[in-house]
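Just so it is clear, none of the values below were taken in a lab; they were calculated from the coordinates. Note that the coordinates shown come from a computational prediction; the quantities given were computed from them, not determined experimentally. Please note: Cβ atoms are built from the backbone with ideal geometry, for glycine as well, and neighbour counts cover all protein chains shown.
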Amino acid sequence: MSEVVLLGMSYTIKKPTPSTAELTITAPPAAYQKYLAAAAERLSTRTVIKGFRPGKTPYEVVKRALGEMAILQEALEGIVQESFNAAVKSEGLETVGSPKIEVEKLAPGNDVVYRATVGLFPRVTVADVGSIHVAVKSKPVEEAKVAETLEALRGLHATEAVKAGPATGSNKLVIDMDMFLDKVPIESGQAKNYQVYLGEDHYIPGFNEQVAGLQKDGEKEFSLDFPPTHYQKMLAGKKVDFKVKVKDVYERTLPELSDALAQKLGQTSLEKLKDLVRRNLTEEAEQKAGQTAEIEILEQLIAKSNFEQIPEVIIDAERQKIFFELKRDLERHGVEIEQYLLDLKKTEEEMRRDFTEQAEKRAKAALISRQIALEQDLKVSDEELEKEIALMRKVYRDDAVALENLLRPEVKQSIATALQNKKVMAWLKEKIVEM
């Protein structure tokens, strides 16, 4: 293990595993002196030193007031950043994530010595795309689906009037509802002024049948099984008790399916409206078929490609993303992640561990995409990136936080990676997909 001298500093390197590198870096005082001066200036802006304005205190005065060790500790980040980056560049390492820094020696007037352990992108041998066979299976749109969509459009333009008597047919009920699991109220399971449309399928099978026939001020208690695929895992497949009270029942009058309705929706005739609906449904079906094909492509590539050991930092980053996506989805449905974990009787760490298999698959897909981009020279130009960011600025023009985030280098890099992944998938589809 030979020592390399670089920029007045020196380092040694070893690789404990194929996916990690360990650099021991030594920076003598002469190499880090400039960082001491900058550190002293920063400290002087945060410290009141009698007789001097903030940021204008001479180095020697700061040293006497605060001590050399305080200055060196303040300078350490800059010393590490420059020396680590220089060593990584010199070795041609492709690192991932932030390095783990362990300071071995830190004393004024002496060499700064630290050890940096960092993950490396593993080597990936991508499977021969000629061995991958995927067909796009887009089903033709059935007329029944067109009719169903037209009925939904009628429903959106229905007129409503309060009625006396029981709810029947396509009536709407406005109810207050409470849900219980094992006789315990469910967190976020209370709803005021909840609207139920008898003419539409409810996400809980049997719900509409239970409330049909109720009238204003009517009350009812009943139990139903939640769907096994429900997004709230603590409720999926469980028997839930309901207590409802009807506040109002509305008679809904749907407009006739006619040229007049089509014109209200921006079309010249009913036939034109039907054609538009059919086209939209066809495009939606084709988009879903394309997404399914993309998943199949990646699954086959993952199964047939070879990977070196994947660093834990990559797997953990994917686990973090999955957890964040779950949290965001729950919040959209009014569920706090803390309550979700409590209902599942799991800690956040246990939940993250549950995501390991999914995270590994996503990491492999990302590594394959990155490798193909390198091999096929699929790059995202500065113009392409700026164009995408400009579009995002329009979308988030009223969101100050999102606009601020678009200026951050890591966010720009994430956008560039997403654009590159799209290029890779387009290349794969061209090579693989059978139409």
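With N the number of residues in segment 341-400, Rg(Cα) / (2.2 N^0.38 Å) evaluates to 1.79. Placing pseudo-labels 7 Å out from each Cα toward the beta carbon at residue 162 and residue 259 gives an inter-label distance of 3.9 nm. The Rg/Rh ratio for segment 158-253 is 0.98, where Rg is the radius of gyration of the alpha carbons and Rh is the Kirkwood radius. Taking N as the residue count of segment 1-148, its C-alpha radius of gyration divided by 2.2 N^0.38 Å amounts to 1.77. Listed by chain and number, the lysines placed with their C-alpha closer than 24 angstrom to that of residue 245 are 163, 172, 183, 192, 216, 220; residues fewer than eight positions away on the same chain are left out. Taking a straight line from the alpha carbon of residue 34, these aspartates and glutamates sit under 20 Å away, with near neighbours fewer than eight places off in the same chain left out: 60, 68, 74, 77, 82, 111. Simple rule: put +1 on each Lys or Arg Cβ and -1 on each Asp or Glu Cβ in the chain, find the dipole, and look at 344, 121, 152; the Cα lying farthest toward the positive end is 121. Here the residues 113, 244, ranked from fewest to most Cβ neighbours within 10 Å of their Cβ, fall in the order 113, 244. Using C-alpha pairs under 8 Å with a sequence gap of at least 6, the mean separation divided by the residue count of segment 230-342 gives a relative contact order of 17 percent. Look at the dipole of segment 4-120 built from charges on Cβ: of 101, 65, 37, the Cα furthest out on the positive end belongs to 65.
Here the chain is treated with +1 on each Lys and Arg Cβ and -1 on each Asp and Glu Cβ, and its dipole about the Cα centre works out to around 960 debye. Candidates 417, 359, 335 compared by Cα position along the dipole of segment 313-435: farthest toward the positive end lies 417, with charges placed on Cβ. In the set (1) 249; (2) 128; (3) 203, the label that goes with volume of the Cα convex hull per residue in Å³ computed for this structure is (1). Overall, the anisotropy analysis places segment 306-434 in the oblate class: the square-rooted eigenvalues a ≥ b ≥ c of its C-alpha gyration tensor yield a/c not less than 1.5, with a/b not exceeding b/c. Looking at segment 319-399, the trypsin sites (Lys or Arg not before Pro) that sit in a DSSP loop and have at most 11 other Cβ atoms within 10 Å of their own Cβ are 345, 397. Is segment 222-366 best put as rounded, prolate or oblate by its Cα gyration tensor, with a ≥ b ≥ c the root eigenvalues, rounded for a/c under 1.5, and otherwise prolate when a/b is larger than b/c, oblate when not? Cα axes put segment 222-366 in the oblate bin. Remark: relative contact order (the chain) = 16 percent; criterion is Cα-Cα distance under 8 angstrom and separation of 6 or more residues.
How charged is the neighbourhood of residue 137? Take every other residue with its Cβ under 12 Å from the Cβ of residue 137, and add Lys/Arg as +1 and Asp/Glu as -1. Combined, the nearby Lys, Arg, Asp and Glu give -1. For segment 301-365, lysine pairs separated by 8 or more sequence positions, or belonging to different chains, with Cα-Cα distances below 25 Å total 11. When only Cα pairs below 8 angstrom with a gap of at least 6 residues are kept, segment 306-434 shows a relative contact order of 24 percent. Charge dipole of segment 306-434 (Cα centre as origin; +1 on each Lys and Arg Cβ, -1 on each Asp and Glu Cβ, all else neutral): 320 debye, rounded to the nearest 20. Here is the list for segment 82-181: GluC sites (Glu not before Pro) lying in DSSP coil, each with at most 14 other C-beta atoms within 10 angstrom of its C-beta, are 94, 142. Here the gap between residue 3 and residue 236, fully extended at 0.36 nm per residue and compared with their Cα-Cα distance, gives a gain of 77.9 nm.
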